[in-house]
Amino acid sequence: MLELAASTDPWWETPAVVAAGVSGIVSVSIALLGSWFVNRRAQRDRHRTVFEEAFAACVAYVEFPYAVHRRRNDDPAAERIRISEQLRAVQERIDYSTAWMWAESRWVAMHYETLATATRNIFGPQIGAAWDRDPITKDSEIHATIDRGDHRIYVDEYLSAVRDHFSFWPVWIRKLARSVFRRRNAR
């Protein structure tokens, strides 16, 4: 008869228990990693939506010098109310986006606030000047010249901050790479 030898190992060191423990740890790790990836993707999608809507608000504000210039002349009071309400809604979206952005990403928020301020400073006076002019009465008057100034610089800086936010690489590495690239192109 075959005798079973009594094991001197504690029960928690038996191969079956160790294998079960390792497989449990691996299973939990894979589940946690999968959950992290799903949450990270949802967070990135939410950030993308916030950044996109914020940028759209600034783009809408830029269009108001044109809208005011091209307002209808047959009912000035109604046009003033209509355009003023649209402008109020856009300004509200810019203010909301500026505040909400600080909760999502300080790096992007800093650049968005600069973009929003520059947008208002560059195009706000032009909106006011368009209100001071008479409404157009002929199709030939539809063309308006709007001075965009340095607005493109602020747009590029904001979009660069958004790219940095979504990049695999940390911001400091991307900033360093851009600095080196600019120096190489300056030669």
Odd one out for Arg72 among (1) part of a helix (DSSP H, G or I); (2) touching a residue at least 12 places away in the same chain (Cβ under 8 Å): (1)
Count - residues of segment 146-187 that are assigned to a loop (DSSP other than H, G, I, E, B) and either of a type in the set (S, T, N, Q) or under 22 Å from Arg41 (Cα atoms) (or both): 4
Condition broken by Arg80, with the remaining ones in (1) over 22 Å from Glu141 (Cβ atoms); (2) without any contact (Cβ under 8 Å) to a residue 60 or more places away in the chain satisfied: (1)
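Condition check ((1) within 22 Å of Arg152 (Cβ to Cβ); (2) assigned to a helix (DSSP H, G or I); (3) in contact with a helix residue (DSSP H, G or I) (Cβ under 8 Å, 6 or more places away or on another chain); (4) at pLDDT 95 or above) across all residues:
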position: Gln86; (1), (2), (3), (4): no, yes, yes, yes
position: Arg93; (1), (2), (3), (4): yes, yes, yes, yes
position: Trp100; (1), (2), (3), (4): no, yes, yes, no
position: Trp107; (1), (2), (3), (4): yes, yes, yes, no
position: Met110; (1), (2), (3), (4): yes, yes, yes, yes
position: Thr117; (1), (2), (3), (4): yes, yes, no, yes
position: Asn121; (1), (2), (3), (4): yes, yes, no, yes
position: Gly124; (1), (2), (3), (4): yes, yes, no, yes
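Here is a yes/no grid of residues against (1) of a type in the set (Asp, Glu); (2) closer than 25 Å to Val171 by Cα; (3) out of contact with any Ser or Thr (no Cβ under 9 Å at 6 or more places or on another chain); (4) loosely packed, with under 12 Cβ neighbours inside 10 Å:
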position: Cys58; (1), (2), (3), (4): no, yes, no, no
position: Tyr66; (1), (2), (3), (4): no, no, yes, no
position: Arg72; (1), (2), (3), (4): no, no, yes, no
position: Ala77; (1), (2), (3), (4): no, no, yes, yes
position: Arg93; (1), (2), (3), (4): no, no, yes, no
position: Trp107; (1), (2), (3), (4): no, yes, yes, no
position: Ile142; (1), (2), (3), (4): no, no, yes, yes
position: Gly149; (1), (2), (3), (4): no, no, yes, no
In segment 81-116, the residues that are hydroxyl-bearing (Ser, Thr, Tyr) and within 20 Å of Arg44 (Cα to Cα): Tyr96, Ser97, Thr98, Ser105, Tyr112
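How many residues does segment 126-159 hold that are of a type in the set (Ser, Thr, Tyr) and either at pLDDT below 95 or more than 18 Å from Ile94 (Cα to Cα) (or both)?
If we filter segment 126-159 for residues that are of a type in the set (Ser, Thr, Tyr), which is where we start, we get 137, 140, 145, 154, 158.
With the extra rule that they be either at pLDDT below 95 or more than 18 Å from Ile94 (Cα to Cα) (or both), the set shrinks to 137, 140, 145.
Matching residues across segment 126-159 total 3.
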Close pairs from segment 37-65: first more than 12 Å from Tyr112 (Cα to Cα), partner part of a helix (DSSP H, G or I) and among the acidic types (Asp, Glu), Cβ under 6 Å, at least 6 apart: His47/Glu104
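Each row is one residue, and each column tells you yes or no for (1) in contact (Cβ under 8 Å) with a residue 24 or more places away in the chain; (2) in contact with a Ser or Thr (Cβ under 9 Å, 6 or more places away or on another chain); (3) surrounded by fewer than 12 Cβ atoms within 10 Å (Cβ to Cβ).
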| residue | (1), (2), (3) |
| --- | --- |
| Trp100 | yes, no, no |
| Asn121 | no, no, no |
| Pro125 | no, no, no |
| Ala130 | yes, no, no |
| Ile136 | yes, no, no |
| Arg152 | no, no, yes |
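The values are calculated or read from the model by the stated rules, or taken from the named source; none is laboratory data. Here the structure is a predicted model, which means the values were calculated and not measured. Glycine also receives a Cβ, built like all others from the backbone with ideal geometry; neighbour counts cover every protein chain displayed.
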